[in-house]
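The values are calculated or read from the model by the stated rules, or taken from the named source; none is laboratory data. All figures in this text were calculated on a predicted structure; none of them were measured in a lab. Ideal geometry is used to build each Cβ from the backbone, glycine not excepted, and the neighbour counts take in all protein chains shown.
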Amino acid sequence: MYTPKVAVLFGFGINCDHETAAVFELVGGSAERIHLNKFINQQASLSEYDILAVPGGFSFGDHLGSGRLMGNRMRFALRDELHKFVEDGKPIIGICNGFQVLVKTGLLPGPEAENPLPDFHQRASLTLNDSGRYEDRWVTLEFDQNSPCIWTKGITRIDCPVRHGEGKFVMPESTDLDRLAKSNQLAVRYVDSSTEPGEGITDEPLPFPISPNGSMRNIAGICDSTGLVFGLMPHPEAVYAKWLHPDHTRGTAPGPETSNSLGKWEGEGLQIFRNAIEYIQANR
């Protein structure tokens, strides 16, 4: 079976690249940590890879806002390469700071479905948490079962850690959010863990700390209209195994919902990365 090649960016303050590369390797990918400058200086070609991952961290020290400088660097220096990557049907994920980068490049949420390829126009932002401080805590996430997102297929709910200071997803008008909701691009939301799986998603603002940042409509992550580009603030790579869950010592840490897990030790977050690997294998 074909082994998809994954480019995991690093440099300029990214600090989750090793973990992100490791989870892709666990689910059958061949992951390479590669400095962004290698693509910009044409020492490496993005076209040689099947999947692109922009991990979490603090790119450029979050100067001028989280993800802004790295987003601009990619937006202007790799515009053609990124456009071709999506046009060729290749998935992109941004986690935490990577989500901020993708939003500020304009890759997310992207244009409407009538003309879905990237236009690099910024339509949203991620701004300071309502708490006014950095939040490092566990949250419960629920996924839109009708989303076109290839990364979230077959996943209903997971527990996941967040660690960010600027995770509040905002858009200029409520009608902008209506558009994303209509096309099922609001792929993942913060939910109250006491609700039944599949019934937790609500547009009503949830209190802190259920929503750790005050995102509009409790948004934790979105996809573009193609379903290929996905970004989220929580860190699914940080719950690849049950022993990383706070309930592990109680023996109640949740596991994956699929039958193709790596074993009883597998955590809930790994399925997100497996979905992208299987998508490439099925569509190559």
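Results, tabulated for the structure shown:
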item	result
Candidates Gly89, Gly106, Gly56 - the one that is touching a Ser or Thr at 6+ places or on another chain (Cβ under 9 Å) and closer than 16 Å to Val229 by Cβ	Gly89
Top-ranked residue in region 232-284 [being under 21 Å from the mean Cα position of the chain (by Cα) and of a type in the set (D, E, K, R); ranked as surrounded by the fewest Cβ atoms within 10 Å (Cβ to Cβ)]	Glu257
Among (1) at pLDDT below 95; (2) buried (at least 20 other Cβ atoms within 10 Å of the Cβ); (3) at negative phi - the single one Phe58 does not satisfy	(2)
Residue in region 211-223 that is at pLDDT 95 or above, among the small types (Gly, Ala, Ser), part of a loop (DSSP other than H, G, I, E, B) and in contact with a helix residue (DSSP H, G or I) (Cβ under 7 Å, 6 or more places away or on another chain) present	yes
Given (1) out of contact with any His (no Cβ under 9 Å at 6 or more places or on another chain); (2) among the basic types (Lys, Arg); (3) closer than 20 Å to Gln100 by Cβ; (4) not in a helix (DSSP H, G or I), index of the condition Arg163 fails	(1)
Test: Arg73 is crowded, with 17+ Cβ neighbours inside 10 Å and closer than 20 Å to Ala124 by Cα	yes
When residues of region 237-277 are limited to those that are in contact with an Asp or Glu (Cβ under 8 Å, 6 or more places away or on another chain) and not in a loop (DSSP other than H, G, I, E, B), the one nearest to Ile93 (Cα to Cα)	Phe273
Ala113 vs. criteria touching a residue at least 60 places away in the same chain (Cβ under 8 Å), over 23 Å from Val162 (Cβ atoms) and either among the aliphatic types (A, V, I, L, M) or assigned to a helix (DSSP H, G or I) (or both)	yes
Unique match (being modelled with pLDDT of 95 or more, farther than 24 Å from Pro161 by Cα and surrounded by 15 or more Cβ atoms within 10 Å (Cβ to Cβ)) among Ser183, Ser174	Ser183
Filter result for the condition that a residue is among the acidic types (Asp, Glu), surrounded by fewer than 23 Cβ atoms within 10 Å (Cβ to Cβ), touching a residue at least 12 places away in the same chain (Cβ under 8 Å) and within 24 Å of Lys168 (Cα to Cα), over Asp203, Asp224	Asp203
